[in-house]
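Have a look at the structure below before the remarks.
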Amino acid sequence: MSTTPAPPDSAVRTFIQDQRPAFLGDLCDWLRIPSVSADPERAPEVRRSADWLAAALRATGFPVAEVWETEGAPAVFAEWPSDDPAAPTVLVYGHHDVQPAARADGWHSEPFEPEERDGRLYARGAADDKGQVLFHTLGLRAHLAATGRSTPAVGVKLLIEGEEESGSPHFPALLRAHAPRLDCDAVVVSDTGMWAEDTPTVCTGMRGLTDCQIDLYGPAQDVHSGSFGGAVPNPATEAARLAAALHDEDRRVTLPGFYDGVVELTEEERTLFAELPFDEDAWLRTAHSGAPLGERGYTTLERVWARPTAEVNGIGGGYQGPGGKTIVPASAELKLSFRTVAGQDEEKIQQALRDWVADRLPAGIRHEITFWGATRPCLTPLGHPALRSLTRAMGRAFGTPVRFTREGGSGPAADLRDALDVPVLFLGISVPSDGWHAPNEKIELDLLFKGAETAAYLWEDLAAHWSEG
């Protein structure tokens with residue numbers, strides 16, 4: 001799918017460069033707001049962040065910019081219609097809340113006092129996700145300045161939530177409550193990344209997630225292993241047996257029906273993945289692992305991007321103190337997570353696990369399974385015309401052919417796709433070294449402005465080529 005990129009628009013690039021100091025000043029002001037959604041004491045700061053963004057969007061030119069309430073943290077909605085009644089409308093998604101951060105965690109500077117060093121901006125939220133939200137304001141203004149338009153070539157809406165870092169608990173309800181206002185033809189998610197600084201990529205999919213805890217109960221209390229061991233069921237043993245039985249010798253998940261409906265990789269996709277400059281030794285160092293291991297017949301990238309998985313996240317039970325304590329414990333627990341791919345049904349997987357566990361446990365073991373919700377997978381078909389527009393726009397900004405990736409993690413993209421019944425595109429310019437959720441999070445400033453340039457070209461390209469769909 002790689003093509004020779006069109007030349008950049010000098011008017012777009014010049015506008016962005018001229019606005020660089022003012023834009024960075026605005027971004028730093030926003031980054032100083034510690035909008036940590038996971039900390040109840042920071043709730044006023046999350047609200048202040050939403051108010052700041054709504055004001056910034058109105059200053060950009062959006063005729064509508066509102067703070068939307070939820071049962072948790074507020075979201076921000078903005079809308080700027082095109083004056084072309086035939087133009088499509090695109091909804092940009094991101095989030096304004098951030099992960100917790102403190103200098104004592106290992107930061108080299110104060111996490112909520114942005115600091116520019118060596119072409120990078122260090123602050124919590126610089127990459128995840130305030131920088132990637134705000135570049136859209138600069139890109140939109142560059143698009144208008146270069147084209148001489150008073151309104152965008154496509155209708156542009158923004159929905160920036162305030163609870164993504166807390167699992168988006170109220171996001172589906174927000175989508176249902178405001179569905180008519182959110183009506184659009186495509187969604188652009190700017191909460192992802194690229195392969196590397198010199199390898200611009202477009203993400204085409206994210207996996208889903210469902211996770212749970214299995215609590216196992218045996219004797220009514222801990223009992224003596226000499227008097228009763230080997231003659232009564234041991235919940236810790238049964239937890240270990242369940243964990244061991246979760247995969248077969250080929251590392252495939254053994255739940256009946258687990259792979260039903262899985263959308264398999266095409267040969268084109270496998271070829272595109274193989275073209276990426278993947279250094280497995282370097283990847284293993286990042287993973288702090290001595291060797292790769294996974295489902296037989298697939299490469300490492302295919303395993304983490306496009307294959308469903310099951311992981312034992314934790315296992316425990318019985319005595320954990322120093323020395324020995326010879327007991328049969330009264331209880332044990334097993335924590336599991338399942339990453340899903342397009343075509344799978346999380347509710348069916350949950351029921352398959354319930355049935356599988358019930359079938360494998362002996363009499364005398366009582367169990368409870370608690371699921372913590374589910375996030376569905378999302379996949380953008382490689383041939384979709386909107387994806388071609390995004391690929392052309394990014395290639396034009398970066399001056400090099402664009403490649404394709406997926407991401408092994410999960411997010412609310414599928415909620416947007418399902419609620420609005422439109423394709424989802426991923427426009428992210430962050431790179432792995434940006435350190436999302438880690439100390440010293442940063443954004444590469446040159447890439448940040450390439451993101452703005454990509455957005456400027458995207459609106460023009462979508463307007464010109466939308467009818468091809």
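Figures for the structure shown
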| item | result |
| --- | --- |
| Residue list for segment 102-142, filter: within 26 Å of residue 394 (Cβ to Cβ) and of a type in the set (Phe, Trp, Tyr) | 122, 135 |
| Of all residues making up segment 222-266, the number that are of a type in the set (A, V, I, L, M), part of a loop (DSSP other than H, G, I, E, B) and open to solvent by less than 40 Å² (accessible area, probe 1.4 Å) | 4 |
| Test: residue in segment 406-416 that is acidic (Asp, Glu), surrounded by fewer than 18 Cβ atoms within 10 Å (Cβ to Cβ) and over 23 Å from residue 126 (Cβ atoms) | no |
| Only listed residue being charged (D, E, K, R) and closer than 26 Å to residue 369 by Cβ, chosen from 339, 285, 296 | 339 |
| Segment 9-31, subset touching a residue at least 24 places away in the same chain (Cβ under 8 Å) and surrounded by fewer than 16 Cβ atoms within 10 Å (Cβ to Cβ), residue nearest to residue 65 (Cα to Cα) | 20 |
| Selection within segment 267-283 - open to solvent by less than 50 Å² (accessible area, probe 1.4 Å) and either free of Cβ contacts under 8 Å to residues at least 12 places away in the same chain or more than 30 Å from residue 350 (Cβ to Cβ) (or both) | 272, 276, 282 |
| Check on residue 455, over 21 Å from residue 301 (Cβ atoms), surrounded by 20 or more Cβ atoms within 10 Å (Cβ to Cβ) and either of a type outside the set (A, V, I, L, M) or assigned by the TED database to the domain that holds residue 195 (or both) | yes |
| Some residue of segment 120-140 being under 19 Å from residue 449 (Cα atoms) and open to solvent by 20 Å² or more (accessible area, probe 1.4 Å) | yes |
| Residues satisfying the stated conditions in segment 386-402, i.e. open to solvent by 20 Å² or more (accessible area, probe 1.4 Å) and either in contact with a Phe, Trp or Tyr (Cβ under 7 Å, 6 or more places away or on another chain) or outside the structural domain of residue 186 (by the TED database) (or both) | 396 |
| Options 83, 39: the member that is open to solvent by 10 Å² or more (accessible area, probe 1.4 Å), under 26 Å from the mean Cα position of the chain (by Cα) and in the same structural domain as residue 29 (by the TED database) | 39 |
| Hits in segment 434-469 (condition: closer than 21 Å to residue 99 by Cβ and among the acidic types (Asp, Glu)) | 434, 441, 444 |
| Residue in segment 236-243 that is within 30 Å of residue 415 (Cβ to Cβ) and out of contact with any His (no Cβ under 6 Å at 6 or more places or on another chain) present | no |
| Test for residue 131: is it outside any loop (DSSP other than H, G, I, E, B) and not β-branched (Val, Ile, Thr) | yes |
| Residue among 286, 300 that is open to solvent by less than 30 Å² (accessible area, probe 1.4 Å) and among the polar types (S, T, N, Q) | 300 |
| Positions within segment 90-106 being open to solvent by 10 Å² or more (accessible area, probe 1.4 Å) and touching a residue at least 24 places away in the same chain (Cβ under 8 Å), in sequence order | 99, 100, 101, 105, 106 |
| One residue from 180, 172, 219, 152 being assigned to a loop (DSSP other than H, G, I, E, B) and either of a type in the set (Gly, Ala, Ser) or surrounded by fewer than 22 Cβ atoms within 10 Å (Cβ to Cβ) (or both) | 219 |
| Top-ranked residue in segment 354-375 [being of a type in the set (A, V, I, L, M) and either under 26 Å from the mean Cα position of the chain (by Cα) or surrounded by 13 or more Cβ atoms within 10 Å (Cβ to Cβ) (or both); ranked as farthest from residue 255 (Cα to Cα)] | 365 |
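The values are calculated or read from the model by the stated rules, or taken from the named source; none is laboratory data. All of these numbers come straight from a predicted model, not from anything done at the bench. Note that each Cβ is placed from the backbone with ideal geometry, even for glycine, and that neighbours are counted across all protein chains shown. With ligands, DNA and RNA removed, areas are computed over all heavy atoms of the protein, side chains included. Shrake-Rupley method; radii C 1.70, N 1.55, O 1.52, S 1.80 Å.
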